[in-house]
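A short worksheet on the structure shown next.
The values are calculated or read from the model by the stated rules, or taken from the named source; none is laboratory data. Just so it is clear, the structure is predicted and the values come from calculations on it, not from any experiment. When we count neighbours, we look across all protein chains shown, and the Cβ atoms used for this are built from the backbone with ideal geometry, even at glycine.
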Amino acid sequence: MLQLRAADRMRPNNRLPSRAVPYRQRLPIQRLLVPRDPELAVVLLALCDMAAFAIAFAAIAFLFTTITGAPPSARFPDYVVTSALSFLVVHMAARSYDRDRLSRISRVSSFDFVIKPSVWTFVALSFSYVVESIVSRGGAVSGQPEAFGLSLELWLVLLAAPAFAVERLTAYQLLTRWTAAGHLATNVVIFGAGELGQRLVKTLRDDYADCVEICGIYDDRLDRVPSQIRGIPIEGDIDDLIELVRNSSEIDKVLMALPMSAEQRIFDLMSRLRSLAVGIALVPDFVGLEFDKQVFRGNHPPILNVTRKPQSQFDWLVKRGFDIGVSLFLLIVLSPLLAITALAIRLDSRGPIFFRQPRLGLNNRVFNVLKFRTMYADCLDLAASEQTKRGDPRVTRVGAWLRRLSIDELPQLWNVLSGDMSLVGPRPHALGMQVKNRLCDEIVREYAVRHRMRPGITGWAQVRGLRGAIDDPALLEARVQHDIYYIDNWSFFFDVRILVMTIVELLRPRNAF
């Protein structure tokens with residue numbers, strides 16, 4: 001079953017797809033900083049634009065006051081605010097941060113990326129100057145001294161737009177270079193090397209080579225398909241594909257190039273792929289036909305997205321940054337409590353202070369969860385074949401209090417720092433956990449779907465009262481459904497809501513024993 005075979009399936013895979021090698025050879029700092037997600041690229045571009053705008057204002061104001069020896073007038077802050085608002089409104093109206101356009105930078109001309117936004121910046125500054133001139137008395141914005149016959153505001157109008165153009169030109173050259181190197185491409189894996197798969201590879205190579213990187217081709221009928229397609233070898237079957245996706249967080253999407261008539265085959269493959277943190281899309285039979293480019297202008301051919309990747313690069317950065325910051329803060333603040341707890345465990349019974357138990361995490365990968373030991377050393381159950389119950393004789397005196405107050409879970413903050421867990425997510429289960437003598441994935445068909453995101457210290461199911469031992473298949477079903485709901489509806493504020501609800505739950509512990 002999934003839980004017991006997880007460790008066996010985590011065998012090392014030394015065979016890397018030939019098309020995946022160039023991407024994997026990038027430096028770690030490139031993988032972290034290069035914005036492959038269009039949403040993140042838009043946010044970073046907007047931040048760079050605003051930073052260039054602010055730096056230009058500050059630099060010009062500093063030089064002006066240095067030359068004239070007079071500080072900016074009292075009305076200068078009003079002009080800065082008006083200019084900033086005009087800047088934002090004008091660029092939003094001009095679609096300077098359109099996600100679809102920026103996702104394929106090779107199709108965007110330097111005129112559209114550099115010149116037009118710079119002209120709109122000049123228009124915004126000129127408009128702000130006119131407005132402030134009309135509002136101010138005497139038709140002057142500030143009445144302050146002039147440098148070379150021009151006021152500070154006019155210098156800003158004349159120089160801020162060129163400075164903005166320099167920043168945009170630098171960004172354009174950088175994005176163009178990254179695109180040419182394949183760093184901004186969507187990494188896809190193709191399953192299906194038949195006629196449909198061959199047409200798909202041709203379409204991707206001919207029309208989408210700048211934004212889609214084929215990291216491998218797989219098929220479960222190797223004796224019926226060619227050994228390679230347009231120079232890309234067929235790497236293996238569905239097991240090899242799953243192994244690749246599980247061990248690489250850089251795969252964005254699996255494209256299933258199978259005829260729609262193979263319904264049962266598609267259904268069986270999707271049931272195996274749904275547990276992976278990757279998007280899945282069906283390729284229609286008409287792929288490769290010529291379409292109106294004004295209709296299909298996206299960064300991939302017409303496909304049917306079945307499941308999305310649970311988190312984009314931007315989402316991952318937000319969640320991971322929040323996890324690191326909060327877990328570090330809690331470890332520092334709670335360090336006296338952690339020390340006292342460790343001492344109490346040591347004095348209460350013989351054995352280690354911490355308990356490490358293998359559990360299933362992201363993409364069904366096995367990791368060791370860290371907890372304070374709450375049972376006698378000779379009663380530790382790594383496989384969790386027998387769940388804890390009320391009045392369990394295996395639990396020590398100190399352990400009973402730790403479980404009741406949930407203090408035994410605090411060492412998992414180290415798991416959060418190491419990246420195995422998150423503050424919020426589906427709670428990880430032990431490999432051998434059983435309900436009514438049946439493994440969890442035998443009871444709930446979609447059990448593995450909960451492994452599409454990192455497990456958490458707390459989760460949506462726990463704050464909804466579904467915590468503690470699971471002694472009923474219906475209770476397991478409810479937990480899994482809550483976990484899937486969390487994955488499908490994740491947002492940063494959803495995490496914050498769950499953390500706040502967790503604090504309330506700790507004040508009224510239910511099913512904690």
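Can you tell me how many residues in region 61-75 are surrounded by fewer than 19 Cβ atoms within 10 Å (Cβ to Cβ) and outside any loop (DSSP other than H, G, I, E, B)? Qualifying residue count, region 61-75: 7.
Within the set of pairs 6 or more residues apart or between chains, which connect a residue that is among the charged types (D, E, K, R) inside region 463-488 to a residue that is crowded, with 18+ Cβ neighbours inside 10 Å and assigned to a loop (DSSP other than H, G, I, E, B) with Cβ atoms less than 6 Å apart? That search, which allows pairs on different chains as well, returns Glu477/Val444; Arg479/Leu466; Asp483/Pro426. For the structure I just gave you, tell me whether Glu235 is among the acidic types (Asp, Glu), more than 20 Å from the chain's Cα centre (by Cα) and not in a helix (DSSP H, G or I). Spelling it out, Glu235 is indeed among the acidic types (Asp, Glu), more than 20 Å from the chain's Cα centre (by Cα) and not in a helix (DSSP H, G or I).
In region 222-236, the residues that are in contact (Cβ under 8 Å) with a residue 60 or more places away in the chain and within 17 Å of Asp206 (Cα to Cα) reach residues that are of a type in the set (Gly, Ala, Ser) and not in a loop (DSSP other than H, G, I, E, B) with C-beta atoms within less than 8 angstrom, at least six apart or across chains, in these pairs: Ile232/Gly216.
This table checks each residue for (1) under 32 Å from the mean Cα position of the chain (by Cα); (2) without any contact (Cβ under 8 Å) to a residue 40 or more places away in the chain.
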position: Asp78; (1), (2): no, no
position: Val90; (1), (2): yes, yes
position: Leu102; (1), (2): yes, no
position: Ile105; (1), (2): yes, no
position: Ser109; (1), (2): yes, yes
position: Val114; (1), (2): yes, no
position: Phe122; (1), (2): no, yes
position: Ser128; (1), (2): no, no
position: Ile134; (1), (2): no, yes
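Checking each residue in region 396-422 for being surrounded by fewer than 18 Cβ atoms within 10 Å (Cβ to Cβ) and polar (S, T, N, Q) picks out Ser406, Ser418. Gly425 meets the stated requirement of being crowded, with 17+ Cβ neighbours inside 10 Å, touching a strand residue (DSSP E or B) at 6+ places or on another chain (Cβ under 8 Å) and either among the acidic types (Asp, Glu) or within 21 Å of Gly465 (Cβ to Cβ) (or both). Looking across Leu328, Leu382, Leu362, Leu334, one residue alone is buried (at least 16 other Cβ atoms within 10 Å of the Cβ) and within 24 Å of Ser418 (Cβ to Cβ). It is Leu362.
Somewhere in region 401-416, is a residue among the acidic types (Asp, Glu) and more than 21 Å from Cys379 (Cα to Cα)? No, region 401-416 contains no residue that is among the acidic types (Asp, Glu) and more than 21 Å from Cys379 (Cα to Cα). Which of the residues that make up region 221-253 are farther than 30 Å from Met453 by Cβ and among the β-branched types (Val, Ile, Thr)? Across region 221-253, the qualifying residues are Val225, Ile229, Ile232, Ile234.
Taken over region 180-214, the residue count meeting the criterion of being surrounded by fewer than 18 Cβ atoms within 10 Å (Cβ to Cβ), in a helix (DSSP H, G or I) and of a type outside the set (Gly, Ala, Ser) is 5. Check region 332-352 and report whether any residue there is closer than 30 Å to Asn247 by Cα and in a helix (DSSP H, G or I). Checked against the condition, which is being closer than 30 Å to Asn247 by Cα and in a helix (DSSP H, G or I), region 332-352 yields no hits at all. Residues that are modelled with pLDDT of 75 or more and crowded, with 18+ Cβ neighbours inside 10 Å were ranked within region 282-309; the one that is farthest from Glu446 (Cα to Cα) is Val287. Can you confirm whether Ala474 is among the small types (Gly, Ala, Ser) and either in a helix (DSSP H, G or I) or under 26 Å from the mean Cα position of the chain (by Cα) (or both)? Spelling it out, Ala474 is indeed among the small types (Gly, Ala, Ser) and either in a helix (DSSP H, G or I) or under 26 Å from the mean Cα position of the chain (by Cα) (or both). Please determine whether any residue of region 443-454 is outside any helix (DSSP H, G or I), buried (at least 22 other Cβ atoms within 10 Å of the Cβ) and touching an Asp or Glu at 6+ places or on another chain (Cβ under 9 Å). Yes, the conditions are met somewhere in region 443-454.
Would you say Arg438 is more than 22 Å from Met501 (Cβ to Cβ) and at pLDDT below 85?
Criteria met by Arg438.
Does Arg168 satisfy the criteria of being assigned to a helix (DSSP H, G or I) and within 30 Å of Phe57 (Cα to Cα)? In short, yes. Looking only at region 393-408, decide whether some residue is without any contact (Cβ under 8 Å) to a residue 60 or more places away in the chain and within 34 Å of the chain's Cα centre (by Cα). Within region 393-408 (the criterion being without any contact (Cβ under 8 Å) to a residue 60 or more places away in the chain and within 34 Å of the chain's Cα centre (by Cα)), the answer is yes, since at least one residue qualifies.
Among the residues of region 243-270, the ones that are in contact (Cβ under 8 Å) with a residue 40 or more places away in the chain and assigned to a helix (DSSP H, G or I) come to 6 in all.
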